[in-house]
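A short worksheet on the structure shown next.
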Amino acid sequence: MSRVALITGGMGGLGEAICIKMAALGYKVVTTYSPSNNKAGDWLKQMQAQGFDFRAYPCDVADFDSCKACVDTVTQEIGAVDVLVNNAGITRDMTFKKMGKADWDVVMKTNLDSVFNMTKQVMDGMMERGWGRVVNVSSVNGQKGAFGQTNYSAAKAGMHGFTKALALEVARKGVTVNTISPGYIGTKMVMAIPQEVLDSKILPQIPQGRLGKPEEVAGLVAYLASEEAAFVTGANISINGGQHMF
Ligand code: CAA
């Protein structure tokens with residue numbers, strides 16, 4: 001029986017590329033979308049037209065009860081989650097001087113609380129079955145900081161602390177927990193950066209001189225979800241065109 005992969009925030013950007021890659025590898029692919037997203041049906045139809053039989057459920061990843069309801073439904077309708085990719089995330093970029101409490105809270109809740117909210121729903125089952133994979137999609141900006149992203153950088157750095165602690169706790173149960181830290185990838189999130197900032201401040205920092213491709217990140221997620229990656233846990237794998245090395 002094929003494994004179930006649940007990818008949060010799968011409609012677009014990195015999430016969509018991860019859904020496509022996991023489907024190509026034979027996983028049953030389930031994604032979540034924000035309850036306020038009224039284009040979910042259109043996306044599913046588009047994907048169906050391309051031959052992908054994805055399932056999608058509304059889920060506010062910032063809300064524990066919504067995550068519980070979503071994973072309970074997925075488990076009943078599709079099966080227990082074997083691979084969880086905590087991918088959903090947002091930005092509210094602005095200098096610290098301009099940042100208000102609401103801008104801080106929404107990013108922490110969506111990007112970091114979500115990792116607890118979702119992982120909590122699946123971890124007991126993974127441990128009982130003796131197999132599981134959690135991949136947390138962080139960012140180069142959680143590793144090195146970024147101008148205008150005190151909220152986002154803090155949340156993304158926090159993800160890796162979570163990864164390391166949980167990886168220790170579940171290491172003997174056949175479950176791995178890893179972080180990936182993509183750099184600037186050609187997604188809507190990056191395209192929202194003012195072109196002048198992208199050209200003058202960001203691209204010059206990338207030794208490969210280009211943005212990453214979502215498919216490149218999807219390939220790394222697929223590896224971490226695979227059998228071959230069983231000995232990789234608690235890692236934070238950079239994928240950033242050489243922008244940040246340590
Ligand atoms: N490094 C150094 N200085 C910078 C800078 C940077 N990256 N970005 C802006 N500045 C400077 C500007 O040159 C400007 O300086 P002067 O006042 O001397 O001219 C000053 O900061 C103010 O800049 P702005 O006019 O742009 O200020 P703003 O308030 O309108 O906007 C900002 C600030 C929202 C942070 C905007 O600069 C911005 O969007 N920057 C990009 C932030 C970013 O990299 N976000 C990543 C999004 S993608 C992502 O998050 C995915 C991922 O994981 C990698």
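Put simply, of PHE96, PHE116 the only residue that is more than 16 Å from the ligand (Cβ to nearest atom) and among the aromatic types (Phe, Trp, Tyr) is PHE116. Of the residues making up segment 193-209, just one is over 21 Å from GLY145 (Cβ atoms) and open to solvent by less than 90 Å² (accessible area, probe 1.4 Å), namely GLY209.
Entry remark, segment 53-67: residues being at pLDDT 95 or above and either β-branched (Val, Ile, Thr) or over 18 Å from the mean Cα position of the chain (by Cα) (or both) number 2 in total. Of the helices (runs of 4 or more DSSP H) contained entirely in segment 134-246, those carrying at least 1 residues that are in contact with a strand residue (DSSP E or B) (Cβ under 7 Å, 6 or more places away or on another chain), within 15 Å of the ligand (Cβ to nearest atom) and not hydroxyl-bearing (Ser, Thr, Tyr) fall at 140-144, 150-170, 214-225. VAL83 satisfies every condition listed in (1) within 30 Å of ARG172 (Cα to Cα); (2) within 16 Å of the ligand (Cβ to nearest atom); (3) not polar (S, T, N, Q) except (2).
Among the residues of segment 161-186, which ones are open to solvent by 20 Å² or more (accessible area, probe 1.4 Å) and out of contact with any Phe, Trp or Tyr (no Cβ under 8 Å at 6 or more places or on another chain)? Within segment 161-186, GLY161, LYS164, ALA165, LEU166, LEU168, GLU169, ALA171, ARG172, LYS173, TYR184, GLY186 meet the criteria.
The values are calculated or read from the model by the stated rules, or taken from the named source; none is laboratory data. Nothing here was measured: the structure is a model prediction, and the numbers come from that model. A quick note on method: Cβ atoms are made from the backbone with ideal geometry, for glycine too, and the neighbour counts reach across all protein chains shown. Surface areas here come from the heavy atoms of the whole protein model, side chains and all, with no ligands, DNA or RNA. Shrake-Rupley method; radii C 1.70, N 1.55, O 1.52, S 1.80 Å.
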